[in-house]
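The values are calculated or read from the model by the stated rules, or taken from the named source; none is laboratory data. None of these values were measured; they are calculated from a predicted model. Reconstructed Cβ throughout: ideal geometry from the backbone, glycine too, with neighbour counts over all protein chains shown. Note: areas computed on protein heavy atoms with side chains; ligands, DNA, RNA excluded. Shrake-Rupley method; radii C 1.70, N 1.55, O 1.52, S 1.80 Å.
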Amino acid sequence: MTTKEEDIFDENFLPASIVKPTEYDKEKDEDNRSRNLGLNAPTDDKMLLYNAGTKGDVSLLKEALNKGVSISEQASAAGYYWTCLTYACFYGHFNVIEEILDYEQDDVEYIGRHNIQCNKGKTPLMWALSNVKEEDKRKDILTLFLKKNCIDFNIADYEGKNIFDYIEKH
């Protein structure tokens with residue numbers, strides 16, 4: 001039996017461990033952030049990540065990584081918690097998203113690192129689904145996240161919206 005892409009989000013296909021959350025979980029968010037969000041890079045290195053994410057420039061991402069900067073370093077102003085992945089998702093830069101999701105896939109924090117919630121409680125994928133205007137681009141990004149197995153389905157943003165809500169709406 002084959003599963004159509006549209007059926008992937010049918011509740012019948014969800015493992016028992018996935019409970020569609022309806023409330024923001026501050027403790028889970030802060031715990032994930034404390035384990036995965038880098039806060040130590042100098043401003044010049046953070047700017048490499050910021051520019052890689054906003055401009056879609058993989059070479060800037062690689063330059064930062066070659067300098068030893070964390071793939072999940074905060075690239076925004078303090079307290080906003082935006083990473084290069086967040087910016088790349090917000091602007092729909094598939095090439096940068098793919099490079100980030102390919103990085104250190106064997107790391108125990110792989111899923112957590114790609115689901116850091118920003119100051120509004122949104123994950124990078126939530127930003128892609130709500131901000132990228134082209135439907136094909138949104139689908140490509142969602143499919144990539146699915147293929148790389150890096151969606152934490154048990155997250156809701158500050159408004160109580162989970163990834164399923166974002167998929168339905170957009």
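Between the amide H of SER72 and those of GLY38, distances stay under 5 Å, these residues lying 5 or more places away or on another chain, with hydrogens modeled in the peptide plane. For segment 84-170, GluC sites (Glu not before Pro) meeting the loop criterion (DSSP other than H, G, I, E, B) and having at most 10 other Cβ atoms within 10 Å: GLU134.
Taken one residue at a time, the phi angles of segment 30-35 give Karplus couplings (6.51, -1.76, 1.60, θ = phi - 60°) of 5, 5, 4, 4, 5, 7 Hz. Gly and Pro are set to x. If you sort HIS114, HIS170, HIS93 by accessible surface, 1.4 Å probe, largest first, the order is HIS170, HIS93, HIS114.
Summarising the label geometry, the points placed 7 Å from Cα in the beta-carbon direction at ASP31 and ASN119 lie 2.6 nm from one another.
Counting only protein heavy atoms and a 1.4 Å probe, the chain has 54 square angstrom of accessible area per residue. Distances between placed amide hydrogens fall under 5 Å for ALA156 paired with ASP25, all partners being 5 or more residues away or on another chain. Between THR22 and ASP106, the simple spin-label model (points 7 angstrom out along Cα→Cβ) gives 4.3 nm.
At 1.4 Å probe size, with the rest of the protein present, what percent of the exposed accessible area of the chain is carbon and sulfur atoms? Don't skip to the end; give the middle numbers.
Numbers: 4250 of 9180 Å².
Carbon and sulfur together cover 46 percent of it.
Across the options TYR103, THR22, CYS89, the greatest Cα extent toward the positive end of the charge dipole of the chain (unit charges at beta carbon of Lys, Arg, Asp, Glu) belongs to CYS89.
Farthest towards the positive end of the charge dipole of the chain, among the residues MET126, MET47, VAL58, is the Cα of MET47, using unit charges on the Cβ of Lys, Arg, Asp and Glu.
Each part gets one Cα centre, and for segment 103-170 versus segment 37-68 those centres are 20 Å apart.
In debye, nearest 20, what is the charge dipole magnitude of the chain about its Cα centre with +1 on Lys and Arg Cβ and -1 on Asp and Glu Cβ, if you could check? That gives the chain a dipole magnitude of about 380 debye. Based on the alpha-carbon gyration tensor of segment 88-170 and its eigenvalue square roots a ≥ b ≥ c, which shape applies: rounded if a/c is under 1.5, prolate if not and a/b is larger than b/c, or oblate? Taking the square roots of the gyration eigenvalues as a ≥ b ≥ c, segment 88-170 is oblate. In the chain, the calculated helix contribution to ellipticity at 222 nm averages -13500 deg cm²/dmol per residue, counting -39,500 (n - 2.57) for every DSSP H run with n ≥ 4. Computed about its Cα centre, the charge dipole of segment 65-140 is approximately 460 debye, with only Lys, Arg, Asp and Glu carrying charge at their Cβ.
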